[in-house]
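Participant: What follows is a structure written as structure tokens; I'll ask about it next.
The values are calculated or read from the model by the stated rules, or taken from the named source; none is laboratory data. These numbers were taken from a predicted model, which means no experiment stands behind them. Ligands, DNA and RNA are excluded from the accessible area calculation, which covers all protein heavy atoms including side chains. Shrake-Rupley method; radii C 1.70, N 1.55, O 1.52, S 1.80 Å.
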Amino acid sequence: MNADLVNKASKIVENPHVLINLVSRRVRQLNAGARPLFNNTGNLGLADIALTEIIEDRIGFEMPEIIELVRPAAQSRRRPQGWVKSGPVAKSKLAA
């Protein structure tokens, strides 16, 4: 991989994990027989072709919207009969 291409692509795709996934998925597609999205590939390797496609904005991607998760409030439930609290106090009551 060409370091210049990686730096240019990292300015477009800011998250390095997403960039790695984009490049690896596109390399797999090219290995499987897909054609490059530009004509003059020259002596570029498959990863460089994928990075060039990202830089030239021929591959699109969407970052999902980050949603804050909210933990539901605990509900007061009745325990079934026969349930005993565990711990040293409960064990001593059972022994007596």
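Participant: Helix 46-55 versus the longest principal axis of the chain: what angle, 0 to 90°, nearest 10, using Cα atoms?
Facilitator: Result, in degrees: 90.
Participant: If you don't mind, another one. Could you give the angle, 0 to 90 degrees to the nearest 10, between helix 16-31's Cα long axis and the longest principal axis of the Cα atoms of the chain?
Facilitator: 60 degrees
Participant: Could you state the accessible area per residue of the chain in Å², with a 1.4 Å probe and every protein chain left in place?
Facilitator: 89 Å²
Participant: In degrees, nearest 10, range 0 to 90: what is the angle between the Cα axis of helix 3-12 and the longest Cα principal axis of the chain?
Facilitator: 60 degrees
Participant: Also, I was wondering about something else. Quote the accessible area belonging to L19 in square angstrom, nearest 10, computed with a 1.4 Å probe and with ligands, DNA and RNA left uncounted.
Facilitator: About 20 Å², rounded to the nearest 10.
Participant: Mind putting together the pair-distance distribution for the chain? All Cα pairs, 5 Å bins, whole percent per bin, short to long.
Facilitator: Cα pair-distance distribution for the chain, in percent: 2, 10, 16, 14, 9, 5, 4, 3, 3, 4, 5, 7, 7, 5, 3, 1, 0, 0.
Participant: First compute the accessible area of the chain with a 1.4 Å probe, then give the percent of it belonging to carbon and sulfur atoms. Write out the running numbers ahead of the final one.
Facilitator: Details: 4430 of 8550 Å².
Looking at the chain in its full context, I get 52 percent from C and S.
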